[in-house]
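Below is one structure, written out as structure tokens; comments come after it.
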Amino acid sequence: MSKKMIGLGCLGIVVLLVVVLVASVIGSYNSLVGLDQKVLSQWAQVENVYQRRADLVPNLVETVKGAAAFEKDTFTAVTEARAKVGQVSLSGGQSPAANPEAFAKFQQAQDGLSSALSRLLVVVEKYPELKATQNFRDLQVQLEGTENRITVERMRFNEAAQAFNTKRMRFPTVIIANFFGERFREKVYFKAQAGAETAPKVQF
């Protein structure tokens, strides 16, 4: 076998290895892009259900305020908590799903609104006539449904984040992810509110 044939054979092997390597890099990159988009899509669903809850708050406060006019501190707390949620959701224009600090602020604001709503519901217990009104019963059903949707969408977000993180940490994908830096940052998870091992129950 001539040196020329051996050289061509070696060149062919090198070219084949380069092609396999490039295909692997492209495949890993595209896989990360797909999983990243799934996380962002699921984050949008989380924001949707939280926005639905925020939209219910003014009607809920007004309905309760009519029967419990002396509970001003409670109404103020709920209104302020809702305002904080809006500020966190709109700050920076970047999805908190890609930013652990923003994610923590978002969850803290949402937990604050949950706590404020819980205090409002305690107030409602003092006014049986309020619980009997049709408007309040309608709000009760909507709020209960929204809280259930929040739990489901947070779980689905965590599943999407886990799928992304698992793929990201596997070799050789981790090298590609680190090469692109912030583009494929590890995703964070929703965690239960401190002291709340079970989902909050909405009772009127």
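The values are calculated or read from the model by the stated rules, or taken from the named source; none is laboratory data. Not measured: the values here are computed from a predicted model. Heads up, the Cβs are rebuilt from the backbone with ideal geometry, glycines too, and the neighbour counts pull from every protein chain shown.
How many residues are part of a helix (DSSP H, G or I) and touching a residue at least 40 places away in the same chain (Cβ under 8 Å) if we restrict to the stretch 160-181?
Qualifying residue count, the stretch 160-181: 9.
Looking at (1) touching a Leu at 6+ places or on another chain (Cβ under 6 Å); (2) at pLDDT below 90, find the lone condition where Gly92 falls short.
Unmet for Gly92, out of (1) touching a Leu at 6+ places or on another chain (Cβ under 6 Å); (2) at pLDDT below 90: (1).
Let's see how each residue does on (1) within 19 Å of Ser115 (Cβ to Cβ); (2) in contact with a Pro (Cβ under 6 Å, 6 or more places away or on another chain); (3) in contact (Cβ under 8 Å) with a residue 60 or more places away in the chain:
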site	(1), (2), (3)
Leu11	no, no, no
Ser24	no, no, yes
Ser31	no, no, yes
Ala44	no, no, no
Glu47	no, no, no
Tyr50	yes, no, yes
Leu56	yes, no, yes
Thr76	yes, no, no
Thr79	yes, no, no
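What pairs come up if the first residue lies in the stretch 112-132 and is closer than 14 Å to Thr63 by Cα and at pLDDT 80 or above, the second is in a helix (DSSP H, G or I) and charged (D, E, K, R), and their beta carbons are under 8 Å apart, counting only those six or more places apart or on different chains?
Val124/Lys131
Quick one: in the stretch 6-40, which of the residues that are of a type in the set (A, V, I, L, M, F, W, C) and surrounded by 12 or more Cβ atoms within 10 Å (Cβ to Cβ) is nearest to Asn158 (Cα to Cα)?
The residue in question is Val39.
From (1) exposed (fewer than 13 other Cβ atoms within 10 Å of the Cβ); (2) under 23 Å from Ala161 (Cα atoms), pick out the condition that doesn't hold for Ala97.
Going through the list (1) exposed (fewer than 13 other Cβ atoms within 10 Å of the Cβ); (2) under 23 Å from Ala161 (Cα atoms), Ala97 breaks only (1).
Let me spell it out: the conditions are (1) surrounded by 15 or more Cβ atoms within 10 Å (Cβ to Cβ); (2) at pLDDT 90 or above; (3) closer than 27 Å to Val61 by Cα, and Phe136 meets all of them except one. Which number is the exception?
(2)
So which residues in the stretch 41-53 are surrounded by fewer than 15 Cβ atoms within 10 Å (Cβ to Cβ) and of a type in the set (A, V, I, L, M), if there are any at all?
Ala44
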